[in-house]
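The values are calculated or read from the model by the stated rules, or taken from the named source; none is laboratory data. Please read these numbers as outputs of a predicted model, since none were measured by experiment. Glycine also receives a Cβ, built like all others from the backbone with ideal geometry; neighbour counts cover every protein chain displayed.
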Amino acid sequence: MPAARDPDLLARAARLYFLEDRSQSDIASLLGTTRSNVSRMLRRARELGIVEIRILSPAQRDNELEQAIRHRFGLDAARVLAVGPDTDVTAGVGRLAATWLLGTLRDGQVVALSWGNSLHAMVRAVDGARQRGVEVVQLVGGLSALDTAVTGHDLVRELAERMGAQHRYLHAPALLGSAEAVQMMLREPPVADALAAAKAADIALVGIGTRGVGSSAALVDTLNLSTHERAQFEASGAVGDVCGRFYDLDGNEPTTAVGQRVLAVSLDDLRRIPIVAGVASGADKAPGILGALRGRVVDVLVCDETACRAVLRLDERSAA
């Protein structure tokens, strides 16, 4: 029989034990050795990295990645979806976000929402949970022009209905034709009051976008920027957005025509809200997530393991 430290033999013993569910006695007979030696071989296989044991919680969370991302960025909390071959990632992230929200939200509080598919999945996962005295408000105007994103109006209404809560609309579009139009809207008392309620929220949940991907790309396209404005935006270093507010990889907001024509709370407004949870899925969201984390725009992150790993890798590469 080959030496007990032979990697091929260790791998064979590990395969028999962990994949074929053979007993250590059976493996000892097959390999012509003793049961105690099989136990040592399995331990050695783990030490050499031939076997990696991964423990997933019943809620399909990857606890190790949660700890890693929390410690790396000083987050208050993290929820990372463990992904399998048949996992519906968006729905899974939505369930984790809904569980976090219902475990955090207290009666009498105000919760504010932005937009997006991940937040829509979260809202759909809130089922039969009634929160007395809760109010749901909008962080950003409606997005009826964007087919790729669920509008703030829809999410606010549906979440309020599912929780038996009150809700308040921001009766204004998210995108306007000029900076002057935005300023005119902000002078309207109903708009100003709705934004004031959003700024005073106890908890905010925001989708995180990456420039050029999905609703973030559609948002910029919808503005019909001039050639000069588009070139300025492309050169600004913007990598992602929250509430239509774009920022660079360090979370700094560049001055562009895009930011001047969005009707929403500002990044600084978000930073003043006690708890802001970012919800996103997919590796393509890594730049947007990393900018939000470095810029302290979010305090809590809910994502999937693919996105989380991509963020950690990007942070290491860009910091080098």
Fill in: Set 284, 268, 248: member being within 29 Å of residue 224 (Cβ to Cβ) and without any contact (Cβ under 8 Å) to a residue 12 or more places away in the chain
268
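Per-residue answers, yes or no, for (1) modelled with pLDDT of 95 or more; (2) under 21 Å from residue 313 (Cβ atoms):
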| site | (1), (2) |
| --- | --- |
| 63 | no, yes |
| 81 | yes, yes |
| 88 | no, no |
| 102 | no, no |
| 105 | no, no |
Fill in: Residue check, residue 306 touching a helix residue (DSSP H, G or I) at 6+ places or on another chain (Cβ under 8 Å) and either of a type outside the set (Ser, Thr, Tyr) or at pLDDT 95 or above (or both)
yes
Fill in: Residue match in the range 267-285 (condition: in a loop (DSSP other than H, G, I, E, B) and in contact with a Cys (Cβ under 8 Å, 6 or more places away or on another chain))
yes
Practice prompt. For residues that are more than 14 Å from residue 139 (Cβ to Cβ) and either outside the structural domain of residue 177 (by TED's automatic domain parsing) or touching a strand residue (DSSP E or B) at 6+ places or on another chain (Cβ under 8 Å) (or both), scanning just the range 188-232, find the one that is modelled with the lowest pLDDT.
Written response: 215
Worksheet item: So which of 294, 317 ends up being over 19 Å from residue 110 (Cβ atoms), surrounded by fewer than 22 Cβ atoms within 10 Å (Cβ to Cβ) and at pLDDT 95 or above?
Response: 294
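Within the range 184-227, count every residue that is of a type in the set (Lys, Arg) and outside any loop (DSSP other than H, G, I, E, B). First the steps, then the outcome.
Just the residues of the range 184-227 that are of a type in the set (Lys, Arg), to begin with: 187, 199, 211.
Okay, now just the ones that are also outside any loop (DSSP other than H, G, I, E, B), so 199.
Final tally of qualifying residues: 1.
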Worksheet, complete the sentence: By residue number, the members of the range 119-146 that are modelled with pLDDT under 90, closer than 30 Å to residue 260 by Cβ and among the polar types (S, T, N, Q) are 144
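Of the residues that make up the range 23-44, is at least one more than 30 Å from residue 90 (Cβ to Cβ), part of a loop (DSSP other than H, G, I, E, B), modelled with pLDDT under 85 and in contact with a Leu (Cβ under 7 Å, 6 or more places away or on another chain)?
no
Kindly evaluate residue 259 against the criterion of being assigned by TED's automatic domain parsing to the domain that holds residue 172, within 27 Å of residue 179 (Cβ to Cβ), part of a helix (DSSP H, G or I) and modelled with pLDDT of 95 or more.
no
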Discussion item. If I go through the range 67-81 residue by residue, how many of them are surrounded by fewer than 21 Cβ atoms within 10 Å (Cβ to Cβ) and touching a strand residue (DSSP E or B) at 6+ places or on another chain (Cβ under 7 Å)?
Written reply: 4
Discussion item. Of everything in the range 262-281, what is surrounded by fewer than 20 Cβ atoms within 10 Å (Cβ to Cβ) and either under 16 Å from residue 211 (Cβ atoms) or not assigned by TED's automatic domain parsing to the domain that holds residue 199 (or both)? Give them in sequence order.
Written reply: none
Worksheet item: In the range 201-221, what residues are in contact (Cβ under 8 Å) with a residue 60 or more places away in the chain, of a type in the set (Val, Ile, Thr) and crowded, with 17+ Cβ neighbours inside 10 Å?
Response: 203, 206, 208, 210
Worksheet item: Checking residue 310 against (1) of a type in the set (A, V, I, L, M); (2) within 24 Å of residue 98 (Cβ to Cβ); (3) touching a residue at least 40 places away in the same chain (Cβ under 8 Å), which test does it fail?
Response: (3)
